[in-house]
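Step one of this worksheet: look at the structure below.
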Amino acid sequence: RPVYYKENQNRFVEFLEEFFIFGENAKEFSMKFYKDIRCGILHFGSTENESRLTCDCPNLIEPLENGGISVDVLVLNNRLKAYFNTYIKELRDERQLLIRKHFLTGMNYLCDIYMKQEEGIF
């Protein structure tokens, strides 16, 4: 595994706990979401360890008797849209300097601008 695996996992889980998964089981559900849902779909094309996706639950996450979790994709989709819309509003707000700076840093990295600047291309 790449050296950044653990850092990516921690960031993903912290993001879920901050914006999507709350309550006394937030840490456990966030880790399960990361491992069973995110990693399962990304690396194997399906959920793992008895966890599943559904579209008929009123809650984002429900624990299953088999130890897995059920994630409602409709609830997740609605929450992601709401989060994204809030983020866009924050980016448009000129007073949100830190958020705007972090956005530019991320976009520059994605667009490979820093490397090109170092090479003298820009």
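The values are calculated or read from the model by the stated rules, or taken from the named source; none is laboratory data. In this text the structure is predicted, and so the values were computed from the model without any measurement. All accessible areas refer to the heavy atoms of the entire protein, side chains included, with ligands and DNA or RNA removed. Shrake-Rupley method; radii C 1.70, N 1.55, O 1.52, S 1.80 Å.
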**Request:** Could you tell me how many degrees, from 0 to 90 and to the nearest 10, lie between the Cα long axis of helix 5-19 and the main elongation axis, the longest principal axis, of the Cα atoms of the chain?
**Result:** 70 degrees
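Give the carbon-plus-sulfur fraction of the accessible surface of the chain in %, rounded to a whole number; probe 1.4 Å, heavy atoms of protein chains only. List each step's numbers first, then the result.
Values: 5020 of 9190 Å².
Whole-percent figure for carbon plus sulfur exposure: 55.
How much length is gained if the chain between residue 55 and residue 86 is pulled fully straight, taking 0.36 nm per residue apart and subtracting their Cα-Cα distance, in nm to one decimal? Please list the in-between numbers first.
Values: separation 31, 0.36 × 31 = 11.16 nm, distance 2.41 nm.
This chain segment gains 8.8 nm when fully extended.
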**Calculated from backbone phi, Karplus (6.51, -1.76, 1.60) coupling profile of segment 38-52 in Hz, x at Gly/Pro** = 4, 5, x, 5, 5, 9, 10, x, 7, 5, 10, 6, 6, 7, 8
**Request:** Rounded to the nearest 10 degrees, what's the angle between the helix 73-92 long axis and the longest principal axis of the chain, both from Cα atoms, 0 to 90?
**Result:** 20 degrees
**log₁₀ of I(q)/I(0) at q = 0.17, 0.29, 0.30 Å⁻¹ - segment 26-67, Debye sum with one point per alpha carbon** = -0.43, -1.13, -1.16
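Does segment 1-53 classify as rounded, prolate or oblate by the C-alpha gyration tensor (a ≥ b ≥ c root eigenvalues; a/c under 1.5 gives rounded; else a/b over b/c gives prolate, otherwise oblate)?
Numbers: a/c = 2.35, a/b = 1.14, b/c = 2.07.
Here segment 1-53 falls in the oblate category.
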**Fill in**
Over the chain, with neighbouring protein chains present, the accessible area per residue in Å² at probe 1.4 Å is 75 Å²
**Request:** Enter the angle in degrees (range 0 to 90, nearest 10) between the Cα long axis of helix 97-110 and the first principal axis of the Cα atoms of the chain, meaning the one along which they spread out most.
**Result:** 90 degrees
